[in-house]
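For reference, the structure discussed in these notes is given below.
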Amino acid sequence: MAEWARCKWQRMFSAEGNNDVTFQQPGKTTSKHRIVIPCLGHFKEEYEKVSRLYKTNRIRTTKYRIWNFLPKNIFEQFHRAANLYFLFIVLLNWVPVVEAFRKEITMIPLVVVLTIIAVKDGVEDYAKYQLDKQINNIVTQVYCRHKKAYVEKYWKDVKVGDFIRLLCNEEIPADMVLIYTSDGDGVCHIETASLDGETNLKQRQVVRGFGEQETEVDPEHFVSTIECEAPNNDLTRFRGFIEHPDQERVGLSKDNLLMRGCTIRNTTVVVGLVVYAGHETKAMLNNTGLRYKRSKLEKSVNRDIIWSVLLLFVMCLTGAVGHGFWLGAHPDPPLYSSGRQLSPELGGFIMFWTMIILLQVLIPISLYVSIEFVKLGQIYFIRNDLDLYDEPTDTRIRCGSLNIAEDLGQIEYVFSDKTGTLTENKMVFRRCSIAGMEYGHEENAKRLESYLEYYEEEEEEEGLRASYSSLRHPSKFTTSKSGYFQSAKSLSRLFSSTSGLRASVSRTTQMAFSSPIETDVVPDERLEKKLRRVTFKSYTTSEVIGLTPETVYIAEFFIALAVCNTVVVSSPDQPPRKRRWNPKTRVPTSHLMDLKHIFHKLSARKISPTSARSSGTGESESDSLRSHKLSIFRVKFPSSLSDRSSSSGSPTSSIASAHAEMSPRTGPGSSPEGDLFYEAESPDEAALVYAAKAYQCRLQSRSPEVVTVNLEPLGLLTFQLLHILPFDSVRKRMSIVVRHPILNHIVLYTKGADSVIMDLLEKEQTGIKKIDAQMQRIKSRTQMHLDEYAAQGLRTLCVAMKVLSDEEYNEWLKGHYAAEHSIECRDDMLLESMQRLENKLTLLGATGIEDRLQEGVPETIDALRKAGIKIWMLTGDKSETAINIAHSCKLLAPTDTIFVLQSDHLAVLASDFAISRFRHLNKLLFVHGHWCYTRLANMILYFFYKNLAYVNLLFWFQFFCGFSGTAMTDYWSLIFFNLLFTSVPPVIYGVLEKDVSAEVLLYLPELYKASQRNEPYLFSTFIINLLDAFYQSLVCFFIPYWTYSGSDIDLYSFGCPINTSMFFTILLHLVIESKYVNVVHFSILAGSVLLFFSVIGTLGATCLFCNPPANPYWVLQTHLSSPRFYLVCTLATLLALLPRYLFRVLQTTVFPTPLIKAKNLEGRVLTGRRSLLRNASVAHRDG
């Protein structure tokens, strides 16, 4: 056997062998296929050659290593144009002829900025390193070919070709093909919560041919190889085959793949063969990390940076021209030229570059650092907003992008899916139509209304509690007119508040789609009575009267609901995921993966044609071969069945014993009757199964081979499971192929969209008028009922079936078998095969399922429309259903025109912000979106203003120093002014500013239009800020200039009052612009003032030779002892701020914007509430 394996491997790798097979090598183009050689002794030579081509299971999500952190980080930071600009300034200052400052000083701003960003990047990367280390050191059992036993290894040591042995509740370390499970049916249940957040279990199947093993697979006896597709990030597909020594190939699908990050559930032991490891696993290939996006505001900033550069060019050009004229008027060489004679042209050219260095602060280098800190602060507050937390699901908002929080304030369009986004995704069975008869389920409707009434009472009580709380805490007032201001309570409060339902809730805490509103279906009395009358004899009546009894339709309808799905029957109490760690390793605090959205499709399951025949049916081989094309309306039953049916109207013990050998064993996936819990991949499936259960048609157990249903009138029915044809967006239906235990024939059950199923019904006439009339009547009435359901906003679904002869089935199976074993065209071939079978169906009936709107959806959509946001609802429902839902959620007004669009791909696999409830859009957009945009826009404008205002002081001085590039301030004060003294207050402003309170923003969604129209950051606003900066700099320069004109004051003593007055002007300008000031703001402002005088005073007291040829020694101390200094600074500051202050006063009183009106309204409301609270306190004291 080993020789065969070696020869086979050599054939596949040789040039003379299969030339279509190529291999993926690191760093090279991805190939189409991959050969997986098991890590075993008899494959030793082959494995060692191929294993080096594939990646190990070690993961590394860090960007840097210790040795490359500094060069790589600096290289990345210099991709930013601003950093390159300041690097150019630093290098330019090293040119002696244009030097404006000491060489080392010009490096300080750039070094500080680069250091801050590097520290931030390093901390983030180190956190990733710690998490990688924890994940890599999880322990798992790996088969060792030397010891011929499983040994414990770290995840990082797992390789492609390794055999992995996992126990229940352990996490899967790598993508592996399932070759053994302790479950006798060859099934493994997995939980994918770490990938998609879903706690409902998924089934995975042992590769066909390995499921019959009674003992655990011995890797030493494994002699097959696997050929599969190259690593890719498609989580919904896996294609390949396993090839045995006899060259038999068995197809592999997603059902055979256990993906990294999932957890083993309800299965004692599983064994798998690793096919993808580490960064080649599907989960890791989907883990792209945080994405960098550029917001609209950032694009506007880049535009204004260009304007600032142009302004800098004009100012420098002015200085160069002025210096040229000055040199022409003064032929004696200036002192700074060391006695060298310069021509006006050359002097002007040199002075241009000197002015570039001197006025460099005009381009705000610290702005980018400040923006990053502000965004981090904004994201922190968004993440920790309790109003965006959903208690029932224990989920909070997830921020996938840190760079575009301000774009939340400029949303113009909302494209929303309907199911699960606008609705609860809790499917409630409401109505059904069977054989043309409609059953309204009025009692079930009353049950739902009672839930709703109780919920509304809970909301009223919560509103009263909130009103009382608002009187006690006026700063957090709510408005009764807008109920969505208040913290919403989930529907689960309804169930947890009543003792009768409390047990049910606790029992289903961890179960998906299993709340009482979904599971507790009240049967329709008429339908229930009809179902009780079904007997085995009912199935033979059609032979006598030529028509199918209604009771058979009803029985088959509920059987279809119970079996035509992928529901797992299990217990809800699942222990937590287990990870085995190295004792030295800490348990990680977060999941490895944080993926956004995953689709689920089940690949087809099959059995061989020989095993498809039931051994307990009582029908001979010749009877099967003689069977013709059958319909449910004209079924010829075996004589044994007729005899049993005629003698008894109920199931006998012989029926149960006839299928005893096909009944599934009791295992982790089944529970005693009364404790059955269903885990479905979609709420629609769960709703239909629970509806069937309510009519005593219980899905008892499910395995890859059989499905057992307990139909009360007929007893335990075991259906041999032949195929599951999964749902897809092309076919818009799913089907299941079984051998029917009563009909003793192969039956196809199908459920899907009515627009599709109706076109697949049998169109040929039988020639029997009664039968043709019955079929036409059922079809027309069912269509009428479907239209009614759609008009009521219910989700509609058609249920149909088809009886196949063995010849028809075997003929179809040949083509389907070939499709399953294809790799290149597998999907297309499977689709064609399924469509070939799903035709000429017999209509059983239809269902109407209600997916209730989420709480607050109509109010939220109404508010979004008032805010000027255009909303599009994306849905695959019928147009009538979609229109009804759109009206009920206030998406459409009666006069609105409706546009119907189609799309094949409506799901977004990644999101920048993920919220758990649609109503959270209110707070996210109207409050956080508005605040984030307004705060950041005003902070950016403030940075441009303060930098230009300070630079202008240096520019005005050039007119009095011959445009020589001289500064009237020492270098250290010049550098620290923007980098240290005035850098923190705007950051705090950008994080904490509240121009309007959250309550008012929610109450008046129209205010959102301000940020939507870019009102805080219009180009005109940018120009006004620049003009204000010019004015304030003129005042702060010329008042000291006129005050000290004609005196013998030295250069730095002249510059000190100019610096000080501008410092206070810039800080108080921010106070005027602030709409919300608290103790934090005042503390930061006081700290800035203290820092300013401390640093300048320290320099003045100690700096004797730090600023040659002059020095600022004792300059500040001298001024602080002079009353003139205080008078100059006060007068200059007040006059500089006067226009800005008057402008804001007039804007508030005479020309208020909507935002200012809202702010005034808020003040009046708060005043009124304080007065009410004060009066209530007085009355209480007097009483």
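Table: residues versus (1) on the phi < 0 side of the Ramachandran plot; (2) open to solvent by 60 Å² or more (accessible area, probe 1.4 Å); (3) modelled with pLDDT under 95.
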site: VAL1079; (1), (2), (3): yes, yes, yes
site: VAL1095; (1), (2), (3): yes, no, yes
site: PHE1105; (1), (2), (3): yes, yes, yes
site: PRO1109; (1), (2), (3): yes, yes, yes
site: LEU1131; (1), (2), (3): yes, yes, no
site: VAL1150; (1), (2), (3): yes, yes, yes
site: ILE1156; (1), (2), (3): yes, no, yes
site: THR1167; (1), (2), (3): yes, yes, yes
site: ARG1170; (1), (2), (3): yes, yes, yes
Answer yes or no as to whether PHE373 is under 24 Å from TYR989 (Cβ atoms) and surrounded by fewer than 17 Cβ atoms within 10 Å (Cβ to Cβ). no
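Conditions tested, residue by residue: (1) surrounded by fewer than 21 Cβ atoms within 10 Å (Cβ to Cβ); (2) over 17 Å from MET259 (Cα atoms); (3) of a type in the set (A, V, I, L, M, F, W, C).
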site	(1), (2), (3)
ASN169	yes, no, no
SER182	yes, yes, no
GLN203	no, no, no
VAL207	no, no, yes
GLU214	yes, yes, no
Unique match (being surrounded by fewer than 21 Cβ atoms within 10 Å (Cβ to Cβ), of a type in the set (A, V, I, L, M) and under 24 Å from LEU936 (Cα atoms)) among LEU1001, LEU1007, LEU979: LEU979
In the range 184-196, how many are open to solvent by less than 10 Å² (accessible area, probe 1.4 Å) and modelled with pLDDT under 80? 1
Which condition from (1) under 46 Å from the mean Cα position of the chain (by Cα); (2) modelled with pLDDT under 95; (3) crowded, with 19+ Cβ neighbours inside 10 Å; (4) polar (S, T, N, Q) is the one that THR1065 breaks? (2)
So which helices (runs of 4 or more DSSP H) are wholly in the range 31-140 and hold at least 1 residues that are touching a residue at least 60 places away in the same chain (Cβ under 8 Å)? 44-51, 81-93, 103-136
Hey, ARG265 buried (at least 21 other Cβ atoms within 10 Å of the Cβ) and modelled with pLDDT of 90 or more or not: no
Quick test for you: out of LEU711, LEU688, LEU699, pick the one residue that is buried (at least 19 other Cβ atoms within 10 Å of the Cβ), modelled with pLDDT of 80 or more and under 32 Å from the mean Cα position of the chain (by Cα). LEU688
Criterion first (open to solvent by 60 Å² or more (accessible area, probe 1.4 Å) and either under 29 Å from SER1094 (Cα atoms) or at pLDDT 90 or above (or both)) does LEU1135 satisfy it? yes
If SER1074 satisfies every condition in (1) closer than 16 Å to SER973 by Cβ; (2) modelled with pLDDT of 90 or more; (3) open to solvent by less than 50 Å² (accessible area, probe 1.4 Å) but one, which is the exception? (1)
May I ask you to list pairs of residues, at least six apart or on different chains, whose Cβ atoms are under 8 Å apart, with the first in the range 863-888 being over 24 Å from LEU924 (Cα atoms) and assigned to a loop (DSSP other than H, G, I, E, B) and the second being at pLDDT below 70 and not β-branched (Val, Ile, Thr)? GLY876/LEU906
Tell me, which helices (runs of 4 or more DSSP H) lie completely within the range 280-358 with 1 or more residues that are aliphatic (A, V, I, L, M), at pLDDT 90 or above and open to solvent by less than 40 Å² (accessible area, probe 1.4 Å)? 296-329, 344-358
Got at least one residue in the range 1046-1059 being of a type in the set (D, E, K, R) and crowded, with 18+ Cβ neighbours inside 10 Å? no
With respect to GLU762, determine if the residue is farther than 16 Å from ASN839 by Cα and open to solvent by 20 Å² or more (accessible area, probe 1.4 Å). no
Among the residues of the range 919-971, what is the count of those that are open to solvent by 10 Å² or more (accessible area, probe 1.4 Å), within 30 Å of GLU424 (Cα to Cα) and outside any loop (DSSP other than H, G, I, E, B)? 4
Are any of the residues in the range 837-853 open to solvent by 40 Å² or more (accessible area, probe 1.4 Å) and in a helix (DSSP H, G or I)? no
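Quick grid of which residues meet (1) on the phi < 0 side of the Ramachandran plot; (2) surrounded by fewer than 16 Cβ atoms within 10 Å (Cβ to Cβ); (3) assigned to a loop (DSSP other than H, G, I, E, B):
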| site | (1), (2), (3) |
| --- | --- |
| THR766 | yes, yes, yes |
| ASP772 | yes, yes, no |
| THR782 | yes, no, no |
| HIS785 | yes, no, no |
| TYR789 | yes, no, no |
| LEU797 | yes, no, no |
| ALA800 | yes, no, no |
| GLU807 | yes, yes, no |
How about the range 384-413: which of its residues are closer than 22 Å to LYS299 by Cα and at pLDDT 80 or above? ILE404, ALA405, GLU406, ASP407, LEU408, GLY409, GLN410, ILE411, GLU412, TYR413
From the options LYS133, LYS153, LYS72, LYS148, residue that is farther than 23 Å from PHE373 by Cβ, at pLDDT 85 or above and open to solvent by less than 80 Å² (accessible area, probe 1.4 Å): LYS153
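Can we say VAL271 is over 25 Å from the mean Cα position of the chain (by Cα) and open to solvent by less than 10 Å² (accessible area, probe 1.4 Å)?
Spelling it out, VAL271 is indeed over 25 Å from the mean Cα position of the chain (by Cα) and open to solvent by less than 10 Å² (accessible area, probe 1.4 Å).
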Check the range 113-126 and report whether any residue there is under 26 Å from ARG260 (Cα atoms) and either open to solvent by less than 60 Å² (accessible area, probe 1.4 Å) or among the hydroxyl-bearing types (Ser, Thr, Tyr) (or both). yes
Could you say whether any residue in the range 1115-1123 is in a loop (DSSP other than H, G, I, E, B) and under 21 Å from MET968 (Cα atoms)? yes
What number of residues within the range 384-436 are small (Gly, Ala, Ser) and either farther than 30 Å from ARG294 by Cβ or touching an Asp or Glu at 6+ places or on another chain (Cβ under 8 Å) (or both)? 6
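The values are calculated or read from the model by the stated rules, or taken from the named source; none is laboratory data. Just so it is clear, the structure is predicted and the values come from calculations on it, not from any experiment. Neighbour counts run over all protein chains shown; Cβ positions are idealised from the backbone, glycine included. Only protein heavy atoms, including side chains, enter the accessible area calculation; ligands, DNA and RNA are left aside. Shrake-Rupley method; radii C 1.70, N 1.55, O 1.52, S 1.80 Å.
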